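Q: Would you mind keeping the following structure in view while I ask a few things?
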Amino acid sequence: MRKKIKIVIFMIVVLIIIAVGVVMVSKLEEVSVKGNTYYTDDKIKKELKKYYVGGNTILTYLRLKYGEEIRIPFVDEIEVDLEGFHNLTVAITEKEVVGCLPYMGEFICFDKDGIMVGSITQKRENVPIVKGIDYDEAVFNKPISTKNTEVFDLTLNLTQLIKKYNLTVDKIEFEKNMAVRLYYKDIKIILGKKKHFDTEISNLAELLPKTKGMKGTLHMEDFSETRQRVIFEADKL
């Protein structure tokens, strides 16, 4: 019995020594990233370095896979794979950006819940710029604090509908009286002042393709479920 116990203990010690040896020789030399569009590979790698463990491949892999939440701008989730003793592959799933606010030459991006997910220096296609909103502060991974919550609630409603109906809108603009205007290429869409825009945006998805090559203004301020009236006013030559 004692002999069997000694053998088991010996085996455990051997396994521990092997495991320690493997960890000791696992120097992290290369990290490959994929799935990122907002940040470059180098910028993602720089952010990931905050989570490295002594430059060790296996310990870093375990921390990235099972450790604390990884907080990197625009990154929703990561999936890390161990590629041998010296390499890791990190697959990025990005957060969905629904709009951005201009700020000192940059654009603060937010998701469907109004949470700041990062900032960019150049406008992205299919991400509308929102103008006419006064906000107090924007902190990464926290809801954007606005002076007029009603306006921001309308913004979230609009951006979610734009995503839902797969519309391309360049800019959302709020006037002082909270009336809304949308801009798409050479078309200005006047939605007016309302609490919800579900009917307008769903119909706009059918109207916009018909304006291809045109310049002017779509008047939808009087549009409703019962009065589906749209006036197109062409720009004067």
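The values are calculated or read from the model by the stated rules, or taken from the named source; none is laboratory data. Since this is a predicted model, take the numbers as computed values, not measurements. Note: ideal-geometry Cβ built from the backbone for every residue, glycine included; neighbour counts use all protein chains shown. When the accessible area is computed, the model is the full protein with side chains, heavy atoms only, and any ligands, DNA or RNA have been set aside. Shrake-Rupley method; radii C 1.70, N 1.55, O 1.52, S 1.80 Å.
Q: What is the number of the single condition among (1) more than 9 Å from the chain's Cα centre (by Cα); (2) in contact (Cβ under 8 Å) with a residue 24 or more places away in the chain that Ile78 does not meet?
A: (2)
Q: Looking only at the stretch 66-73, decide whether some residue is within 30 Å of Leu182 (Cα to Cα) and either open to solvent by 30 Å² or more (accessible area, probe 1.4 Å) or of a type in the set (Gly, Ala, Ser) (or both).
A: Kept after step one, since they are within 30 Å of Leu182 (Cα to Cα), are these residues of the stretch 66-73: 73.
Right, trim to either open to solvent by 30 Å² or more (accessible area, probe 1.4 Å) or of a type in the set (Gly, Ala, Ser) (or both) and you get none.
Checked the stretch 66-73: no residue is within 30 Å of Leu182 (Cα to Cα) and either open to solvent by 30 Å² or more (accessible area, probe 1.4 Å) or of a type in the set (Gly, Ala, Ser) (or both).
Q: Would you pick out the residues in the stretch 112-127 that are over 13 Å from Phe152 (Cβ atoms), open to solvent by less than 30 Å² (accessible area, probe 1.4 Å) and at pLDDT below 90? It would help to see each step written out before you state the result.
A: Let us first name the residues in the stretch 112-127 that are over 13 Å from Phe152 (Cβ atoms), namely 117-127.
Still in the running and open to solvent by less than 30 Å² (accessible area, probe 1.4 Å): 117-118, 120, 127.
Passing the criteria: only Val127.
To keep it simple, each residue is scored yes or no on (1) touching a helix residue (DSSP H, G or I) at 6+ places or on another chain (Cβ under 6 Å); (2) closer than 17 Å to Leu191 by Cβ.
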site: Lys112; (1), (2): yes, no
site: Gln122; (1), (2): no, no
site: Glu125; (1), (2): no, no
site: Ile129; (1), (2): no, yes
site: Phe140; (1), (2): no, no
site: Val151; (1), (2): no, yes
site: Leu156; (1), (2): no, yes
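Q: Would you confirm whether or not the stretch 214-222 contains a residue that is part of a helix (DSSP H, G or I), open to solvent by less than 30 Å² (accessible area, probe 1.4 Å) and more than 19 Å from Asp113 (Cα to Cα)?
A: First, the residues of the stretch 214-222 that are part of a helix (DSSP H, G or I): none.
No: the stretch 214-222 contains no residue that is part of a helix (DSSP H, G or I), open to solvent by less than 30 Å² (accessible area, probe 1.4 Å) and more than 19 Å from Asp113 (Cα to Cα).
Q: How many of the residues in the stretch 170-193 are within 11 Å of Val130 (Cβ to Cβ) and at pLDDT below 90?
A: 1
Q: Here's something else I'd like to know. Quick check: is even one residue across the stretch 61-68 closer than 26 Å to Arg124 by Cβ and modelled with pLDDT of 85 or more? So that I can check it myself, show each step before the final result.
A: Taking the stretch 61-68 as the starting set, the residues that turn out to be closer than 26 Å to Arg124 by Cβ are none.
Within the stretch 61-68, none of the residues are closer than 26 Å to Arg124 by Cβ and modelled with pLDDT of 85 or more.
Q: Could you tell me whether any residue of the stretch 92-106 is without any contact (Cβ under 8 Å) to a residue 12 or more places away in the chain, open to solvent by 30 Å² or more (accessible area, probe 1.4 Å), aromatic (Phe, Trp, Tyr) and out of contact with any helix residue (DSSP H, G or I) (no Cβ under 9 Å at 6 or more places or on another chain)? Before the answer, list the steps.
A: Initially, the stretch 92-106 is screened for residues without any contact (Cβ under 8 Å) to a residue 12 or more places away in the chain, giving 104.
If we keep only those that are open to solvent by 30 Å² or more (accessible area, probe 1.4 Å) as well, we get 104.
Next cut, aromatic (Phe, Trp, Tyr) only: none.
No, the stretch 92-106 contains no residue that is without any contact (Cβ under 8 Å) to a residue 12 or more places away in the chain, open to solvent by 30 Å² or more (accessible area, probe 1.4 Å), aromatic (Phe, Trp, Tyr) and out of contact with any helix residue (DSSP H, G or I) (no Cβ under 9 Å at 6 or more places or on another chain).
Q: Among the residues that make up the stretch 137-154, is at least one of them exposed (fewer than 12 other Cβ atoms within 10 Å of the Cβ) and farther than 22 Å from Phe107 by Cα?
A: No - not one qualifying residue is present in the stretch 137-154.
Q: Take the residues of the stretch 155-210 that are of a type in the set (Phe, Trp, Tyr) and open to solvent by less than 30 Å² (accessible area, probe 1.4 Å): which is nearest to Glu225 (Cα to Cα)?
A: Residues of the stretch 155-210 that are of a type in the set (Phe, Trp, Tyr), as a first pass: 165, 174, 183-184, 197.
From what's left, open to solvent by less than 30 Å² (accessible area, probe 1.4 Å): 174, 197.
Values: Phe174: 23, Phe197: 11 Å.
Going through the qualifying residues, I end up with Phe197.
Q: Please name all residue pairs, on different chains or six or more residues apart, with Cβ atoms under 9 Å, provided the first residue is in the stretch 49-62 and is closer than 16 Å to Ile78 by Cα and buried (at least 18 other Cβ atoms within 10 Å of the Cβ) and the second residue is at pLDDT 85 or above and acidic (Asp, Glu).
A: Listed pairs, sorted by first residue: Tyr61/Asp81.
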